[in-house]
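The values are calculated or read from the model by the stated rules, or taken from the named source; none is laboratory data. Treat the numbers as computed from the prediction; the structure is a model and nothing was measured. Here the Cβ is made from the backbone with ideal geometry for all residues, glycine too, and neighbour counts use every protein chain on show.
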Amino acid sequence: MNIIRAILFVGILVGGFIYFQSIQPDPEDTASADTPALMSAAVEAGSSDTTEPATPDAVDVAAEADEEEHALEPIDQLYLNQLVTSGQREEAFAFAFEMGDELTEASFTAEQGVGANIGEGRRFSRFPRADLNGPGEWGTHFPAREGGANATQCISCHSAPLANGAGGVAMNVVLDPAHTGDPSQYLERNTTPLFALAIPQRLAEEMSLDLYLQREGARMMACEQGSATATLVTKGVAFGTLGFTRTAEAPCSVDIDVSGLSGIDDDLVIKPFGWKGNEATLRSFTRGAAHNEMGLQGVELVGDADGDYDGVTSELTVGDLTALTIYMAALERPTSLVELADLGLTELADEDRSAIMAGQESFAAVGCTSCHVSEMVLDEPIFREPSRTPGYYDMVFPDGSAPVDHGLRQDTALAFDMRTDPPNNQVTLASGEMYHLGAVKTDTTGRGVVNWYTDFKRHDMGAALADPSSPLGIGAEMFMTRSLAGVGTTGPWLHDGRATTLHEAIMMHAGEGTQSRDAYAALSEDAQLQLVAFLENLVIHSEGEEEDH
């Protein structure tokens, strides 16, 4: 083996070791698969003083508070760090989860910064108002406003079939990212559910890390051989190719041809959030939604400035966004009617079960699973906020400050085991056995097994579904494959809710979805009904919550 080959070989080994280390659970911040996680009682934030962050003393006071409605206290990231560094990692997770629950249910007031100075004396607007561009009005807000503000509660939009769910067409948001002021260019977006959002982020993290390693392996090969091609495949999903051509030897330099990439950005960061697949992390998606939909501007977004000119600053603390992220990440996973029936939690007639099973076979046979991948495996089902994976944590906050200066650090990250720690949907079966319906399922090796029904790629969905323009530069007709987890209870469907039935949603597929659509259309009416029955079987279920059907 020559010297260069030896160096390259060692480099690959080191890269592999770093990757291996990165996916090993830290024994100090994870729960073992057979050890129930701490499920603490809900912690109420009880003080009426909203100027001081939640601290250990505030928690003690909150524990004695009554059930009456009360003002939320801002959450102190340093307090969360203190719990972690003192060995109370489970308590830190439980506290953040409960406070995130409080935040999503809270009706924020103008005093707390909800809404924005739209202009015309208004705080809220269902439609973008680029025409209002006077001092402090809608068109001058920073960061540049896309829509709204249009809500005082998270769950006022995320409400179907229950709290934290999706939204009907009345809850659609209307966006004008380019500030055209032209209604014909507006984008309309249907509200998606918030359940178990650790799943898409962790899948995206593992897939992107795998793609990074494939890219670097090909780069090293090009340094040795002069050229190389990386065929990018991870978790069974192909993202095209990268071409490498050496341009200098000492030190090695290469040109990279990204023209062969498919459904992903040049940086290979899979972005699982947003209809266009344009947000990598749950945190970044949340702070953007808080700004645009509720007019709540996080400190990490605008610092101590008043970017929406409503007279209030520091509307969401760094700790608030950490709690919101942890809460949505750790909500219970979507399930299915078949799983619920197998557990004795619902009734399912034999003919209905048979239709669902037949529909599942047809779903694969017509090619739907080529994009809506039915099952993926998580090597390390541990969610951390902030993440350890490059591309999935902020190097710098949007306001230009360093996260560490606000206490958001990887060494004090809040973490939970997706196999054991989600607090909701721990059910008692007829046998008396406890079953954690809300947690991620595992295989025989302890890896997480998830049914998210997406490939995390962007696809051309055809001209009929295309946006009127492409303000994000992604392509008007390009959309990320919509997860079908819970799809049976989260209609209407498609990016703007135009499909009132799942049959309609399938028939509106075009572009890259044309072949599967045509195969579905060629099925008998009974076979089509069975396939739809399979999709309707994919539901959101929250034990103890009343569902609105």
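Among the residues of segment 260-311, the ones that are within 15 Å of Thr322 (Cα to Cα) and basic (Lys, Arg) come to 2 in all.
Applying the set (1) of a type in the set (A, V, I, L, M); (2) surrounded by 15 or more Cβ atoms within 10 Å (Cβ to Cβ); (3) out of contact with any Asp or Glu (no Cβ under 8 Å at 6 or more places or on another chain) to Ala533 leaves exactly one unmet item: (3).
Among the residues of segment 67-123, what is the count of those that are assigned to a loop (DSSP other than H, G, I, E, B) and under 20 Å from His406 (Cβ atoms)?
First, the residues of segment 67-123 that are assigned to a loop (DSSP other than H, G, I, E, B): 67-74, 76, 86-88, 106-109, 113-118, 120-121, 123.
Next cut, under 20 Å from His406 (Cβ atoms) only: 72-74, 76, 86, 113.
Total satisfying the criteria: 6.
Filtered by the rule that a residue be surrounded by fewer than 18 Cβ atoms within 10 Å (Cβ to Cβ) and of a type in the set (A, V, I, L, M, F, W, C), segment 106-129 gives Ala110, Phe124, Phe127. If you go through segment 259-286 and keep only what is under 17 Å from the mean Cα position of the chain (by Cα) and free of Cβ contacts under 8 Å to residues at least 12 places away in the same chain, you end up with just Glu279.
Looking only at segment 227-252, filter to residues that are small (Gly, Ala, Ser) and loosely packed, with under 13 Cβ neighbours inside 10 Å; which one of those is modelled with the lowest pLDDT? Taking the candidates together, the pick is Ala250.
Hey, does segment 166-177 have a residue that's of a type in the set (Gly, Ala, Ser), over 25 Å from Ala499 (Cα atoms), out of contact with any helix residue (DSSP H, G or I) (no Cβ under 7 Å at 6 or more places or on another chain) and buried (at least 17 other Cβ atoms within 10 Å of the Cβ)?
Filtering segment 166-177 for residues of a type in the set (Gly, Ala, Ser) gives 166-168, 170.
Checking the rest, the ones that are also over 25 Å from Ala499 (Cα atoms) come to none.
No, there is no match, as no residue in segment 166-177 is of a type in the set (Gly, Ala, Ser), over 25 Å from Ala499 (Cα atoms), out of contact with any helix residue (DSSP H, G or I) (no Cβ under 7 Å at 6 or more places or on another chain) and buried (at least 17 other Cβ atoms within 10 Å of the Cβ).
Scanning segment 170-193 for residues that are modelled with pLDDT of 95 or more and touching a strand residue (DSSP E or B) at 6+ places or on another chain (Cβ under 9 Å) yields a total of 15. Asn292 fulfils the conditions (1) crowded, with 19+ Cβ neighbours inside 10 Å; (2) more than 20 Å from Ala204 (Cα to Cα); (3) over 24 Å from the mean Cα position of the chain (by Cα) except for a single criterion, (3).
Screening Ser208 with (1) buried (at least 16 other Cβ atoms within 10 Å of the Cβ); (2) in the same structural domain as Leu324 (by TED's automatic domain parsing); (3) over 26 Å from Thr489 (Cβ atoms); (4) among the hydroxyl-bearing types (Ser, Thr, Tyr) gives one miss only, at (2).
The one condition from (1) surrounded by fewer than 20 Cβ atoms within 10 Å (Cβ to Cβ); (2) among the hydroxyl-bearing types (Ser, Thr, Tyr); (3) modelled with pLDDT of 95 or more that Ser159 does not meet is (3).
Out of all the residues in segment 468-481, which are within 28 Å of Leu531 (Cβ to Cβ) and either crowded, with 20+ Cβ neighbours inside 10 Å or polar (S, T, N, Q) (or both)? Can you show your working first?
Narrowing segment 468-481 to residues within 28 Å of Leu531 (Cβ to Cβ): 477-481.
Those that are within 28 Å of Leu531 (Cβ to Cβ) and either crowded, with 20+ Cβ neighbours inside 10 Å or polar (S, T, N, Q) (or both): Met478, Phe479, Met480, Thr481.
Only one entry in Asp411, Asp342, Asp405, Asp352 is touching a residue at least 12 places away in the same chain (Cβ under 8 Å) and of a type in the set (D, E, K, R), namely Asp352. Considering Ala463, Ala476, Ala430, the condition of being out of contact with any Cys (no Cβ under 9 Å at 6 or more places or on another chain) and closer than 27 Å to Leu232 by Cα is satisfied by Ala476 alone.
The requirement of being hydrophobic (A, V, I, L, M, F, W, C) and more than 30 Å from Leu321 (Cα to Cα) is satisfied by Ala355. Number of residues in segment 419-473 that are without any contact (Cβ under 8 Å) to a residue 12 or more places away in the chain and among the acidic types (Asp, Glu) equals 1. Considering only segment 512-526, I want to know if a residue exists there that is closer than 28 Å to Leu187 by Cα, touching a residue at least 12 places away in the same chain (Cβ under 8 Å) and not in a helix (DSSP H, G or I). Looking through segment 512-526, none of the residues is closer than 28 Å to Leu187 by Cα, touching a residue at least 12 places away in the same chain (Cβ under 8 Å) and not in a helix (DSSP H, G or I). When Leu321 is tested against (1) crowded, with 20+ Cβ neighbours inside 10 Å; (2) in a helix (DSSP H, G or I); (3) in contact (Cβ under 8 Å) with a residue 40 or more places away in the chain, just one condition goes unmet, and that condition is (3). If only one of Pro390, Pro423, Pro398 is buried (at least 21 other Cβ atoms within 10 Å of the Cβ), part of a loop (DSSP other than H, G, I, E, B) and out of contact with any strand residue (DSSP E or B) (no Cβ under 8 Å at 6 or more places or on another chain), which one is it? Sole residue among the options that is buried (at least 21 other Cβ atoms within 10 Å of the Cβ), part of a loop (DSSP other than H, G, I, E, B) and out of contact with any strand residue (DSSP E or B) (no Cβ under 8 Å at 6 or more places or on another chain): Pro423. Taking the criterion of being surrounded by fewer than 22 Cβ atoms within 10 Å (Cβ to Cβ) and in contact with a helix residue (DSSP H, G or I) (Cβ under 7 Å, 6 or more places away or on another chain), the only residue of segment 275-289 that qualifies is Glu279.
From the list Arg384, Arg333, which one is of a type in the set (Lys, Arg) and in a strand (DSSP E or B)?
Values: Arg333 fails: in a strand (DSSP E or B).
The match here is Arg384.
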